[in-house]
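Asks: Below are the structure tokens for one structure; questions will follow.
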Amino acid sequence: YFPNYEAVSIINVGDFITHIEVISIISFLLCVLVKESVCIFSISEGTAILTGLKKRNSILLFSTAAVITGGYFAFGSTMDMFKFHSINKYIVLIFQVIIPFVIYSVAEIKNIISRSRNTINEQKTLER
């Protein structure tokens with residue numbers, strides 16, 4: 001199921017270079033750790049900004065628990081995970097294109113409205 005592991009496991013150069021798949025596994029796990037850490041940190045920072053909370057530790061703990069629980073219940077086996085890839089292309093479109101575009105558009109509209117209000121308020125203070 002994991003082509004990098006399979007490709008590295010066939011490398012055998014005499015008795016000198018064998019079992020390199022351990023390096024591939026460690027590299028894979030470190031990459032997953034960094035990716036998930038950034039994801040969890042981004043979730044907690046975004047939630048803190050949206051809710052206006054100043055204590056981010058509780059949000060970080062909740063986000064970590066939610067990601068671990070979701071990962072545990074998402075797929076029953078590795079085979080289920082690979083079967084999911086057939087519908088994943090449609091879900092990816094929603095989560096990686098449509099939702100970020102909507103969020104960006106709303107943020108830009110709020111920014112434009114905020115700038116126009118600030119300009120109007122500055123004009124009113126200058127008139128006084």
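The values are calculated or read from the model by the stated rules, or taken from the named source; none is laboratory data. Computed from a predicted structure; not experimentally measured. Note: ideal-geometry Cβ built from the backbone for every residue, glycine included; neighbour counts use all protein chains shown.
Asks: Are there any pairs with C-beta distances below 7 angstrom linking a residue in region 28-50 that is at negative phi to a residue that is surrounded by fewer than 13 Cβ atoms within 10 Å (Cβ to Cβ), with the two at least 6 apart or on different chains, and if so which?
Replies: Final answer for the pair search is PHE28/ASN4.
Asks: Another question, if that's okay. I'd like to check something: does region 78-89 contain any residue that is of a type in the set (Gly, Ala, Ser), farther than 28 Å from VAL106 by Cβ and under 18 Å from the mean Cα position of the chain (by Cα)?
Replies: Scanning region 78-89, I find no residue that is of a type in the set (Gly, Ala, Ser), farther than 28 Å from VAL106 by Cβ and under 18 Å from the mean Cα position of the chain (by Cα), so the answer is no.
Asks: Just wondering, is there one or more residues in region 117-128 that are surrounded by 10 or more Cβ atoms within 10 Å (Cβ to Cβ) and either of a type in the set (Gly, Ala, Ser) or closer than 20 Å to GLU36 by Cα (or both)?
Replies: No, region 117-128 contains no residue that is surrounded by 10 or more Cβ atoms within 10 Å (Cβ to Cβ) and either of a type in the set (Gly, Ala, Ser) or closer than 20 Å to GLU36 by Cα (or both).
Asks: Out of LYS124, LYS83, LYS35, I need the residue that is closer than 30 Å to PHE2 by Cα, charged (D, E, K, R) and modelled with pLDDT under 90. Which one? Working first, answer last.
Replies: Details: LYS124 fails: closer than 30 Å to PHE2 by Cα; LYS35 fails: modelled with pLDDT under 90.
Checking each option against the conditions leaves just LYS83.
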